[in-house]
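Everything below concerns the one structure shown next.
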Amino acid sequence: MAQISWVRDELLLACALVMENGWRELRQNDLRVLELSNLLRSLPLHGDAAADQRFRSPNSVSRKTTDIATAHPEHVGPATKGGRPTREIVSDFLTHPSEMLAAASALREGISSGELHLVPAHPDEIDEEGGQGAREGRLLLRWALHRERDRGLRSRKIRQVQRLGLPIRCEVCTFDFGRTYGQLGADYVEVHHVTPLHTTGPRETRLEDLALLCANCHRMCHRNHEGQSWRTPDAVREEMRSAASHAASRAS
């Protein structure tokens with residue numbers, strides 16, 4: 001079969017296994033390798049590739065754990081040619097170990113529950129350059145975007161805000177659809193999970209976990225930039241303040 005490159009989600013699961021194994025490679029007859037092989041073959045990422053028994057076989061999974069282990073900066077001896085994505089995932093696990101392990105755990109839970117298999121692909125899960133390098137991986141982002149576009153969830157959040165007597169407007173830039181578009185935009189807004197799915201896991205969404213955003217600010221919260229595709233409204237608001245301050249300094 002044609003070689004299919006490992007994507008971020010697969011590397012996330014494999015690197016978590018290697019890290020938990022003390023950054024040592026795992027052999028193909030290891031039960032953990034066999035389990036991961038089956039899990040990777042179930043991911044909704046590569047179409048019909050899983051029909052071929054050679055796809056993400058225990059032997060190929062074992063070789064990838066070797067790539068990951070030898071990419072560790074403290075590895076003694078030559079490194080195998082795992083490629084840049086492998087080196088990047090190792091770097092991310094060393095820099096953000098708890099966050100990366102939580103993402104791997106959330107991904108496993110989403111697969112085992114069957115929920116991720118029901119979520120359709122979304123164009124925003126791949127960045128402008130065609131990459132999938134966001135820290136939480138492609139599938140968790142797909143899952144989150146799907147939940148944020150749930151009309152029922154958005155309606156319940158809007159009703160909650162109305163009961164509190166608060167305006168239906170963007171929590172970052174204060175854009176008000178109703179004020180700008182009249183009846184056409186009345187009570188319209190988008191919602192965003194304040195806390196990323198890869199740290200909370202696939203638990204039921206609480207209304208308190210959601211923020212109201214305009215389409216532009218929502219896009220910025222999820223824009224893949226410098227390895228992140230999840231930002232809080234506060235973080236985006238700070239980016240706006242920084243940009244405005246910088247522009248004012250240049251003007252003066």
To the nearest 0.05, the calculated FRET efficiency linking residue 237 and residue 4 through their beta-carbon distance, R0 being 41 Å, is 0.50
Per 10 angstrom bin, beginning at 0 and ending with the bin that holds the maximum distance, the Cα pairs of region 23-129 fall in percents of 13, 35, 41, 10, 0
GNM of the chain, Cα pairs under 10 angstrom: of 101, 166, 17, the biggest fluctuation goes to 166
Length gained, residue 115-residue 156, 0.36 nm per residue minus C-alpha separation, equals 12.6 nm
A chain fully extended from residue 88 to residue 50 at 0.36 nm per residue, minus the present Cα-Cα distance, gains in nm 11.1 nm
If R0 = 41 Å, then residue 251 and residue 195, at their Cβ-Cβ distance, give a FRET efficiency to the nearest 0.05 of 0.65
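Helix-derived [θ] at 222 nm for the chain: sum -39500 (n - 2.57) over DSSP H runs of at least 4, divide by residue count, nearest 500?
-15500 deg cm²/dmol
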Computed over the chain, protein heavy atoms only, probe 1.4 angstrom, the accessible area per residue in square angstrom equals 55 Å²
For 98, 37, the accessible-area ranking with a 1.4 Å probe, largest leading, is 98, 37
So the FRET efficiency between residue 215 and residue 32, C-beta based with R0 = 41 Å and rounded to 0.05, is 0.40
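The values are calculated or read from the model by the stated rules, or taken from the named source; none is laboratory data. Source: prediction; values computed, not measured. Every residue, glycine as well, gets a Cβ built from its backbone with ideal geometry; the counts of neighbours run over all protein chains shown. Quick note on the areas: whole protein, heavy atoms, side chains included, nothing else; ligands and nucleic acids left out. Shrake-Rupley method; radii C 1.70, N 1.55, O 1.52, S 1.80 Å.
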